[in-house]
Amino acid sequence: MSDSLRSENAGGSENLAVKYPVTTRAFGLAIIVLSGMQLMMVLDGTVASLALARIQEDLDLSDSGRNWVITSYALTFGGLMLLGGRLGDTFGRKKVFLSGVILFTLASLACGLATNEAMLIAARSLQGVGAAIASPTALALVATTFAPGPVRNQAIAIFAAMTGIGSVTGLIIGGALTEVSWRWIFLINVPIGLLIIALAFGALVETGAERLALDVPGAILATLGCTGIVFGFTEGPEMGWTSAPVLGALIGGVALFVIFLMVERRAENPLLPFSLFKNKNRVFTFISLALMGAVMFSLAPFVALFVQDILGYSPLHAGLAFVPFAFGLGAAAFVASKLVVRVQARWLIVTGAVMTFLGLLYGSTLDQSTTYMGNLFVLVVGIGFGVGLAVVPLPLCAIAGVGSQDIGPLTAIAQVAQVLFGPVGLAIVGAMATSRTLSLGGVSGVAADMNEAQLSALSEGYVFALFGCAIFAALAAISALFIKFTPADVAQAQAAEKVAQGID
């Protein structure tokens, strides 16, 4: 090798080290910090469903208040996620990431110390804001911290694995912590958050700031619009569908969405660029993503409540009972990732959505005589497999046929569609469940205080919620029929995604 070539290579290595702080191996303090935050947020979303029954009993929550414990977090998380990513680009990612982790940690402390419904819901909303700031910024920091090639590939794999690990361990850890006290599912975030903050100061390097126009009005309007609709559906069964607050919330929510669309058309740097929706296949992809997001978000709380309030499972027992769902989903994800470049994506999505629909339809027939091995085990695995088969091809369809420069915005919008419609779905399904219970002579409140007739009505309401989830799955299957991306389109999307992420 010539001296000039050696000098050039040495200079290239030196520049690479300057541009990317981590160039040799992925595992270290930086990936512990970034993936640790991801794990904490996934755990928080998983464990809250298992603790609902205990929280309702301890704080004497109404059924609508119980639902708000879940939806308040997701509304602010989903509604502000796109803005959170832009904040990192504008003010520096390390600084914004730390701000998000600090807010999430303080909000977790407030959740754990909550003494009433209002305090818990407000703290959960702040948790969502912290997650919306930290989560997209953490993923962006992976790209700016780890050098392209094997190092970044390993870092992204570790970061992505936190979702799967968090889903499984959250069920077990969350159940175990809830056995002690539901407050610990939130308080456990405090020492973890403090450790992440302490390590982040030394492990992460600040990125350059770009003075971009922030679409703050768009983010606020989208969040408030969803909140209005969720409030209307959540409170409707108990306050009355014709009551002024419910009608006002529903009409106001729709009006805010109309204003949101008008604002986005004129925004300098819109959160929702309309040019990305010219392809009808992509529009139906987002619709299917939103509907499957509603299924996943609504399914967990009501199954957790059913097995605890009706079948008498402890929180730990309930968590262990759901573990096969994660394995079913993982198996389907492996199968779908192999087939999606050989079979038209819509047939995988339709098959998965139909499997989910049939499983949920069967689930809607369960009653107090249900047993785990006789009824629930196959159901949990089957629905997990169906969900996995449906949701794996959808993000690839969202970015099919576009250049690498559009991968980031489309991926973010797809994630928001899945996260933000979840609370809307839960509000609708929750309204169905509560209305069904009340129509059968049941009451809203704590299961431990109910007589046999009221428990039977409560059980009917819970399984009717599964029927509502089944409707969402059926609509997702119908919507997926109109997604006509070819295997070649999806293969191109996979390649473009790797280019955008810097993966070899």
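Data table
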item	result
Relative contact order (%) - the stretch 20-213, alpha-carbon pairs under 8 angstrom, separation at least six	41
Dipole-positive endmost among PRO136, ALA255, LEU43 within the chain (Cβ charges, Cα centre)	PRO136
Mean separation of Cα contacts under 8 Å (6+ apart) over length of the chain, as relative contact order %	21
Virtual spin-label span in nm between VAL378 and ARG342, 7 Å along Cα→Cβ	2.8
Debye, to nearest 20: dipole size of the chain, +1 on Lys, Arg Cβ, -1 on Asp, Glu Cβ	1300
Count of lysine pairs in the chain with Cα separation under 23 Å (8 or more residues apart, or interchain)	8
Sorted by Cβ neighbour density within 10 Å, fewest at the top, the residues VAL180, VAL42, VAL446	VAL180, VAL446, VAL42
Computed over the stretch 216-267: relative contact order in percent, which uses C-alpha pairs under 8 Å that are six or more apart	48
For ARG54, ARG66, order by how many other beta-carbon atoms lie within 10 Å, fewest first	ARG54, ARG66
Gyration tensor (alpha-carbon) shape descriptor, the chain, a/c threshold 1.5	prolate
Label-point separation in nm, VAL216 to GLU268, each point 7 Å along Cα→Cβ	1.3
Sequence of LYS278, LYS95 once ranked by neighbouring C-beta atoms within 10 Å, starting from the fewest	LYS278, LYS95
Spherically averaged projected area of the stretch 365-475 from its Cα convex hull (nm²)	8.8
Point-to-point label distance, LEU247-LEU320, nm (Cα→Cβ direction, 7 Å offset)	5.2
At q = 0.12, 0.18 Å⁻¹, base-10 log of I(q)/I(0) for the stretch 240-290 (Debye sum, equal scatterers on each alpha carbon)	-0.43, -0.76
Kyte-Doolittle mean at least 1.6 and Cα axial length at least 15 Å: DSSP H helices in the chain	189-203, 244-266, 377-391
Listed residues ALA476, PHE357, CYS111: farthest to the positive end of the dipole of the chain (Cβ charges)	ALA476
Whole-Å distance, taken between Cα centres, linking the stretch 244-268 and the stretch 39-103	23
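Just so you know, all these numbers are worked out from the coordinates, no wet-lab data involved. Note that the structure is a prediction, hence the values are computed from the model and not measured. Reconstructed Cβ throughout: ideal geometry from the backbone, glycine too, with neighbour counts over all protein chains shown.
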